[in-house]
Amino acid sequence: MLGTGPRAAARQAAVLFLLAGLLALVGLAGQPDRSGPLLTVAGLDFATALAGLLLPWHRMRPDAPAALGLAGLAILGLSTWSFGGVAAGTGPFLVLLYAWAALHFRRRILLGYAPPATLAYVVPLVVTGQPPLVLSSALVLLPVALAIAFLVEAQARHLRDDRERLARIEQWRSAMISTLAHDVRSPLTTAQFALEELADQVSGDGVQLIDTAQRQIARITRLAEGLLDLHRIDSSGQLKLDRQVLPARALVQGALAHLRTADVTIDIDEESTIYVDPQRFEQIVVNLVGNAQRYGRPPVAVRLTSDGTVDRLEVRDHGPGIPAALRPRLFTQFAVGGHEGVGLGLWIVRKLVEVHGGNIVAEPREPGVAMVVSLPAADA
């Protein structure tokens, strides 16, 4: 029932008419002498509700359910006339109909409702001989109902435009990530092949330079593959892992080989192991340590503890900590951005940790903050 489009509009209108019909039936207990008009009004309300529920509105024009509003105005007029000009329920339901129409239709339809709404409200009062004071209430009610409808319509249109813009951005983002990841891998493969050929022809310092270049190309390739994997997670929630029991210290040292590590200390026993996908774990470590270096202060400490069931990887800096306003959205997309990055690092970490069956939290320290990753141990 919630949402936009002709089907949602018709179903919401059906709920309004079902409510009106039920209220008419409830009124039978208090006004038994009006049972005929009340039953007529209730029957018309229920018939209109059935039309809103059963007709194939999704095959019609987007503004086709506006006809239900016209039917509602006619029922309101009949109700007022049947009760001798008593319009106690006409005003509120008139405003409610206008609000419903404003959520789904353009302003011209709201303006088109104005003449039949005026007739539905005023004609029964005139026919039943109501005094001028009662008739003058239309001068207040109808403009107020229209003004409310215009405000609701403007806000609803603004929200629809925002949603469409966000949908386009998301589509563009997905296409960009997929294209980037695919198109980057091809030239990297060529560069890697060229470096392998050169490695047999150089000596001395050139060997070290080529080795460094090869490691960086391999890292960029893994990042491109990681982007594709994260895109798959975001769209389908699935990622295939190659989990192994690996020496934790060597794994962390290998990951940090790509970073400046003069201010990084590793507190991990040589015999400690961890049950992870090595490529994904490298992304976790690199992102957490890189974030600590970028936003915190040295030294950065990497520590691993285990109770046999859960392995806890802790990356701590000694910086100013996390601002209170940022904490609720710290692990979301684009939480932190600007000249130093786009704010995807911690979101990527959270996704990879969750795929491993773990979780990540930010724990305050004095000074600084510790990013604590909890992962199921191999025995668990």
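The values are calculated or read from the model by the stated rules, or taken from the named source; none is laboratory data. Predicted model, so just to flag it, every value in this text is computed and none were measured. Neighbour counts are summed over all protein chains in view; Cβ atoms, including those assigned to glycine, are modelled from backbone coordinates with ideal geometry.
For this structure, a couple of remarks:
- When region 288-304 is filtered for residues that are part of a helix (DSSP H, G or I) and buried (at least 22 other Cβ atoms within 10 Å of the Cβ), the ones remaining, listed by number, are Leu288, Val289, Ala292.
- Checking Leu96 against (1) over 30 Å from Ile217 (Cβ atoms); (2) over 33 Å from the mean Cα position of the chain (by Cα); (3) not basic (Lys, Arg), the condition it does not meet: (2)
- Apart from one condition, Ile266 fits all of (1) assigned to a helix (DSSP H, G or I); (2) at pLDDT 90 or above; the exception is (1).
- The residue list Gly343, Gly308 contains one member that is at pLDDT below 85 and on the phi > 0 side of the Ramachandran plot, which is Gly343.
- Neighbours by Cβ (under 8 Å, 6+ apart or cross-chain): first from region 138-152, farther than 20 Å from His104 by Cα; second at pLDDT 85 or above: Ala138/Thr118; Ala138/Tyr121; Ala138/Val122; Ala138/Leu125; Leu141/Leu94; Leu141/Val95; Leu141/Tyr121
- Yes/no for Gln171 being assigned to a helix (DSSP H, G or I) and without any contact (Cβ under 8 Å) to a residue 12 or more places away in the chain: yes
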